[in-house]
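This report concerns only the one structure given below.
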């Protein structure tokens, strides 16, 4: 943790679900088929039920997927509607930041019945199409609900939807992730003279973050997890890495490539082209030595814009570094509410000018040991902006 403090010459006043799934894998829709029973209080990862469904959601206790909720997907550049249905309502909206359209539809009397779908799909019912990203083309998901389902239940399901390109769907790549030491940070210029690692074989700007193991993990298998949902593009041996895996994902609307370095290549069981869900085990860290590229046992996590298979751990110019993203900025190890803790002033306490605010800032997301602070009044209006500065060593 970092202790931060700053003074401002202004006053601020500061407050087990059981369900049954009916699925048919490798299709673009749910349908009566394989019966899969589960019990969980957590989000259901729908890509485990159908690999084309790249989202998770809380499923109400009364839902039967394929009976009460029918899901289809299609790839397009804009919202589409069937000519075989009558549209009683079409309302653009947003579902957790994703463009969407709510429909109230009914199959036309002279149109063929929907084959292989619940009978209610031929009746008047509510459906909502959700766009995965703003890319063209992209995947659209259509969620249709049995007419008897209450609107409050529908709203709760939609509010819980978490798509794999959502920032909140990204997962830590290692267990106890927030406790791990980082020796090489993103963007640091490494030379044999200043490197925190000995011996150092490289020179350049570090394109990722190196996460170290705990002492007790030196002789144990340390699993590495996919931080996002996306295709495993490649797995191979590479100089300096040993085993390295590359995964293509979406971060909101931006295609990105994730580099997982220093893996035991034989532990990566999925074939290139397979889809990895957030949090799925990719493989294990390689032991120190040749299998880890000649170095220590650790994880190099890199992330760059685009889909090029660029695995470089170092680049020679800041311009080249500009195409790489800082994995630490994702804040994978912390809950949002746990990033900053304010110790002074106390909630509901009296304050006066000048006001000193003290607390703790967790993680390494703030730039050069400082970050901006906004002061707001009781109506949410900005009063002032100040800068919080770390008081202990930033490293």
Given the options 113, 90, name the one that is within 15 Å of residue 124 (Cα to Cα) and surrounded by fewer than 12 Cβ atoms within 10 Å (Cβ to Cβ).
113
Meets criteria (modelled with pLDDT under 95, assigned by TED's automatic domain parsing to the domain that holds residue 45 and surrounded by fewer than 18 Cβ atoms within 10 Å (Cβ to Cβ)) for residue 81
yes
Exactly one of (1) more than 17 Å from the chain's Cα centre (by Cα); (2) modelled with pLDDT under 95; (3) buried (at least 16 other Cβ atoms within 10 Å of the Cβ) is unmet by residue 194. Its number?
(3)
Flag if residue 248 is modelled with pLDDT under 95 and touching a strand residue (DSSP E or B) at 6+ places or on another chain (Cβ under 7 Å):
no
Take the range 212-229 and flag every residue that is surrounded by fewer than 24 Cβ atoms within 10 Å (Cβ to Cβ) and outside any loop (DSSP other than H, G, I, E, B).
212, 215, 216, 217, 223, 225
Among the numbered criteria (1) touching a helix residue (DSSP H, G or I) at 6+ places or on another chain (Cβ under 7 Å); (2) more than 19 Å from residue 54 (Cα to Cα), which single criterion is violated by residue 162?
(2)
Is one or more of the residues making up the range 34-49 in a strand (DSSP E or B) and at pLDDT 65 or above?
yes
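The values are calculated or read from the model by the stated rules, or taken from the named source; none is laboratory data. Please read all numbers here as calculations on a predicted model, not as lab measurements. For neighbour counting, all protein chains shown are included, and Cβ atoms are generated from backbone atoms with ideal geometry for every residue, glycine included.
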